[in-house]
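A.B. asks: Here's a structure for you.
The values are calculated or read from the model by the stated rules, or taken from the named source; none is laboratory data. On a predicted model such as this, the values are computed, not experimentally measured, just so you know. Ideal geometry is used to build each Cβ from the backbone, glycine not excepted, and the neighbour counts take in all protein chains shown. Quick note on the areas: whole protein, heavy atoms, side chains included, nothing else; ligands and nucleic acids left out. Shrake-Rupley method; radii C 1.70, N 1.55, O 1.52, S 1.80 Å.
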Amino acid sequence: MWPLIYQFLRTNAVYITLPIAGVIGFVGYNLENILSDKYTPYAKSIQENRAERMTKEDSLKDASNVEKLALKGNILNRNLSPSLANEK
């Protein structure tokens with residue numbers, strides 16, 4: 001009896017595992033949607049920051065007085081997930 005069941009499962013393994021994998025994937029996808037936080041706060045892009053810096057009237061009036069171009073934050077925090085960011 002067992003050899004017949006094993007033979008059936010071996011020959012039809014593709015047809016048996018595909019629906020099982022689909023159900024597991026569907027359940028996992030929906031469980032991840034329920035448990036994860038999808039909120040991402042808005043942060044200005046580098047191009048927007050540059051455009052604002054370029055349009056400052058103070059920097060346009062006197063070309064000899066230019067503020068140092070430096071990154072204001074840690075570069076590793078740029079694309080940090082909100083769940084990993086420190087709440088301050």
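A.B. asks: Calculate what fraction, in whole %, of the accessible area of region 1-56 sits on carbon and sulfur atoms when a 1.4 Å probe is rolled over the protein chains. Numbers along the way, then the final one.
C.D. replies: Numbers: 3800 of 5450 Å².
That share works out to 70 percent.
A.B. asks: In whole Hz, with x marking every Gly and Pro, tabulate ³J(HN,Hα) for region 29-39 from phi via Karplus 6.51 cos²θ - 1.76 cosθ + 1.60, θ = phi - 60°.
C.D. replies: For region 29-39, the Karplus curve yields 4, 5, 5, 5, 5, 6, 8, 8, 9, 9, 7 Hz.
A.B. asks: Which value, in Å², gives the accessible area per residue of region 1-56 when a 1.4 Å probe is used on the protein heavy atoms? Display every interim value, and only then the final one.
C.D. replies: Working: 5450 Å² over 56 residues.
Counting only protein heavy atoms, the per-residue value for region 1-56 is 97 Å².
A.B. asks: Please compute the length gained on full extension between T40 and E52, using 0.36 nm multiplied by the number of residues separating them and subtracting their Cα-Cα distance.
C.D. replies: Between T40 and E52, full extension yields an extra 2.0 nm.
A.B. asks: Hand me the chymotrypsin sites (Phe, Trp or Tyr not before Pro) from region 1-58 located in a DSSP loop with no more than 14 other Cβ atoms within 10 Å, in residue order please.
C.D. replies: Y39, Y42
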